[in-house]
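Trainee: There's a structure below that I have some questions on.
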Amino acid sequence: MATVVVAILYITFIFSYTELSTSIPHAGGPFAFAYKAFGPYGGLIAGYATCVEFVLAPPAIAFALGSYLHFLLPAVPVLGTAIGCYVIFSLINFLGIKESTQFNLLVTVLAVAELLLFMGIVSPSFQLTNFTHNGLPFGVAGIFESLPFAVWLFLGIEGLAMVAEEVKNPSKSIPKGYGYAMATLVVLAIGVMVLAGGIGDWTKLQNLDYPLPEAISQVLGRNSPWSTLFTSIGLFGLIASFHSLITSYSRQLFALSRSGYLPAKWSELHPRFRTPHWALLVGGIAGLVALLTGTTAQVILISALGALVMYLISMLSLFKLRQQAGYIASYKTPYYPVFPVIAMLLSLICLASIVYFNPLLSLIFLAGMVAVVIGFRLVGNVEKTALLRSEDIDKV
């Protein structure tokens with residue numbers, strides 16, 4: 001139920017978000033949309049939420065990468081692998097957007113193939129009675145509590161907007177990219193979730209950081225070469241997500257810095273590779289700090305909080321920009337205003353579920369937002385930031 005609700009949220013959101021991404025092709029993505037709609041403080045809040053989402057999502061994935069490798073090779077430490085992943089994939093991003101994207105395309109194709117292989121292997125063992133066994137173990141409230149984890153199935157797709165400046169033809173390429181990405185995610189998310197839950201006792205998977213290898217081992221046996229092969233290939237799915245999120249947070253930090261919200265040093269580009277190397281370094285350090293806390297589930301929830309707040313601000317920005325004179329959209333949201341309204345309502349429901357079941361984490365997120373706004377008001381220069389922002393838009 002949570003997956004279906006969240007799938008509808010993302011379908012309506014992405015169709016609406018595509019209009020913003022093509023109308024304002026900027027490395028800041030949501031930050032740029034909110035700034036243009038609501039000014040410096042709107043941009044600041046959107047930038048904060050987006051940074052929380054994209055900086056805190058990679059640590060959870062890095063930990064999962066370490067867990068997968070540990071499943072294959074028990075002698076390999078989980079944390080050591082996670083830290084190594086940060087170093088390796090930050091370096092790949094450092095080498096340039098073309099090289100980075102080519103690498104990510106390769107691992108994404110392998111990831112999709114791996115998930116299709118998983119579905120093909122386990123589907124003969126699927127039984128509806130297994131899937132429905134112990135249904136709603138926590139009642140209807142359990143559906144709401146699981147919403148942020150369903151968000152995790154789709155979280156990060158909006159990062160495409162942050163490489164819009166580096167796309168040759170944003171008005172054509174971005175809608176096509178979002179369309180293929182959304183279709184792929186819906187099919188794979190629902191297919192993998194349903195099949196994994198119906199091949200045996202799903203309760204044995206619920207506390208693992210490597211549920212899919214464990215699921216396939218229930219069908220073929222732990223020592224089957226297919227189980228080992230699948231786990232090896234399964235690393236590509238995590239690598240694809242991890243690598244693309246590094247690209248996204250580096251562009252967000254770069255854009256905030258270029259617009260005067262963060263130290264100017266962070267928006268410097270490497271003279272040879274033309275990549276935001278300081279932004280990559282700062283985001284990587286922040287992610288490593290979060291990783292070392294060892295609180296994967298909490299990190300996921302705070303990342304989802306940032307995402308949902310950003311979705312709400314983006315949809316509000318769309319409504320506001322539609323009313324502004326001179327706003328031109330090469331791509332129009334289908335079924336406007338129905339799609340953005342649905343996206344907003346479902347985002348609010350998901351946000352409310354996180355706040356209700358995780359009040360302390362929500363307070364931490366809110367406190368961070370308040371601190372950022374107060375800090376900007378005390379030490380920032382709104383007029384200077386507005387000037388930098390105008391030059392930033394003119395440059396793009």
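Trainee: Can you tell me which residue among Glu114, Glu53 is on the phi < 0 side of the Ramachandran plot, within 20 Å of the chain's Cα centre (by Cα) and acidic (Asp, Glu)?
Mentor: Values: Glu114 fails: within 20 Å of the chain's Cα centre (by Cα).
After ruling out the rest, the residue left standing is Glu53.
Trainee: Among the residues in segment 162-177, are any over 21 Å from Phe13 (Cα atoms), modelled with pLDDT of 90 or more, assigned to a helix (DSSP H, G or I) and open to solvent by less than 40 Å² (accessible area, probe 1.4 Å)?
Mentor: no
Trainee: Using beta carbons and a limit of 7 Å, which pairs, at least six apart or on different chains, have the first residue in segment 122-133 and more than 23 Å from Ser224 (Cα to Cα) and the second one of a type outside the set (A, V, I, L, M, F, W, C) and outside any helix (DSSP H, G or I)?
Mentor: Listed by first residue and then by second, the contacts come to Leu128/Gly198; Phe131/Gly198.
Trainee: Take Ala150 and decide whether it is in contact with a helix residue (DSSP H, G or I) (Cβ under 6 Å, 6 or more places away or on another chain), assigned to a helix (DSSP H, G or I) and modelled with pLDDT of 90 or more. Explain how you work it out, then say what you get.
Mentor: On the way: in contact with a helix residue (DSSP H, G or I) (Cβ under 6 Å, 6 or more places away or on another chain): yes; assigned to a helix (DSSP H, G or I): yes; modelled with pLDDT of 90 or more: yes.
In short, yes.
Trainee: Still on this structure, please answer the following. When only residues in segment 185-229 that are surrounded by 18 or more Cβ atoms within 10 Å (Cβ to Cβ) and among the small types (Gly, Ala, Ser) count, which is nearest to Ile157 (Cα to Cα)?
Mentor: Out of the qualifying residues, it is Ala189.
Trainee: Output yes when any residue across segment 187-202 is more than 30 Å from Ile14 (Cα to Cα) and in contact with a His (Cβ under 9 Å, 6 or more places away or on another chain), and no when none is. Don't jump to the end; show me each part of the working.
Mentor: The first filter runs over segment 187-202 and keeps only residues more than 30 Å from Ile14 (Cα to Cα), leaving 199-202.
The next check asks that each one be in contact with a His (Cβ under 9 Å, 6 or more places away or on another chain); those that pass are 201-202.
Checked segment 187-202: at least one residue is more than 30 Å from Ile14 (Cα to Cα) and in contact with a His (Cβ under 9 Å, 6 or more places away or on another chain).
Trainee: Applying the selection to segment 230-248, what residues are more than 20 Å from the chain's Cα centre (by Cα) and surrounded by 19 or more Cβ atoms within 10 Å (Cβ to Cβ)? It would help to see each step written out before you state the result.
Mentor: Our first condition is that a residue be more than 20 Å from the chain's Cα centre (by Cα); within segment 230-248, this holds for 230-233.
Correct list: Phe230, Thr231.
Trainee: Now, a different point. Those residues that are in a helix (DSSP H, G or I) and surrounded by fewer than 24 Cβ atoms within 10 Å (Cβ to Cβ), I need them from segment 23-35; list them, please.
Mentor: Listed by number, the list holds a single entry, Ser23.
Trainee: Pull up segment 210-230, narrow it to residues that are of a type in the set (Ser, Thr, Tyr) and not in a helix (DSSP H, G or I), then point me to the one that is farthest from Ala111 (Cα to Cα).
Mentor: The extreme case among them is Ser224.
Trainee: How many residues does segment 136-147 contain that are out of contact with any Ser or Thr (no Cβ under 6 Å at 6 or more places or on another chain) and in a helix (DSSP H, G or I)?
Mentor: 6
Trainee: Related question: Can you tell me which residue among Met310, Met369 is modelled with pLDDT of 85 or more and either over 20 Å from His26 (Cα atoms) or surrounded by fewer than 13 Cβ atoms within 10 Å (Cβ to Cβ) (or both)?
Mentor: From the options Met310, Met369, the qualifying one is Met369.
Trainee: Follow-up. Give the residues of segment 338-361 that are among the polar types (S, T, N, Q) and modelled with pLDDT of 95 or more, sorted by residue number.
Mentor: Of everything in segment 338-361, just one residue is among the polar types (S, T, N, Q) and modelled with pLDDT of 95 or more, namely Ser347.
Trainee: Please go through segment 289-305 and give me each residue that is open to solvent by 50 Å² or more (accessible area, probe 1.4 Å) and part of a helix (DSSP H, G or I), ordered by number.
Mentor: Selection gives Val289, Leu292, Gln298.
Trainee: Mind checking whether some residue in segment 98-105 is among the small types (Gly, Ala, Ser), part of a helix (DSSP H, G or I) and within 30 Å of Leu308 (Cβ to Cβ)?
Mentor: Yes, segment 98-105 has at least one match.
Trainee: Contact list please: Cβ distance under 8 Å, first residue in segment 320-348 and closer than 21 Å to Val309 by Cα, second residue open to solvent by 60 Å² or more (accessible area, probe 1.4 Å) and of a type in the set (Phe, Trp, Tyr), pairs at least six apart or on different chains.
Mentor: From residues that are closer than 21 Å to Val309 by Cα, the pairs are Lys320/Phe38; Arg322/Tyr336; Thr333/Phe15; Phe339/Phe15.
Trainee: Could you please find all residues in segment 314-330 being under 23 Å from the mean Cα position of the chain (by Cα) and either of a type in the set (Gly, Ala, Ser) or open to solvent by 30 Å² or more (accessible area, probe 1.4 Å) (or both)?
Mentor: Ser314, Leu316, Ser317
Trainee: Right, here's the next one. Of (1) in a helix (DSSP H, G or I); (2) out of contact with any Leu (no Cβ under 6 Å at 6 or more places or on another chain); (3) under 17 Å from Phe149 (Cβ atoms), Ile246 satisfies all except one. Which?
Mentor: With (1) in a helix (DSSP H, G or I); (2) out of contact with any Leu (no Cβ under 6 Å at 6 or more places or on another chain); (3) under 17 Å from Phe149 (Cβ atoms) applied to Ile246, the lone miss is (3).
Trainee: If you don't mind, another one. Is there a residue being in contact (Cβ under 8 Å) with a residue 24 or more places away in the chain and more than 16 Å from Gly283 (Cα to Cα) anywhere in segment 47-60?
Mentor: no
The values are calculated or read from the model by the stated rules, or taken from the named source; none is laboratory data. Bear in mind that the values here come from a model prediction, so they are computed numbers and not experimental data. Neighbour counts are summed over all protein chains in view; Cβ atoms, including those assigned to glycine, are modelled from backbone coordinates with ideal geometry. Note: areas computed on protein heavy atoms with side chains; ligands, DNA, RNA excluded. Shrake-Rupley method; radii C 1.70, N 1.55, O 1.52, S 1.80 Å.
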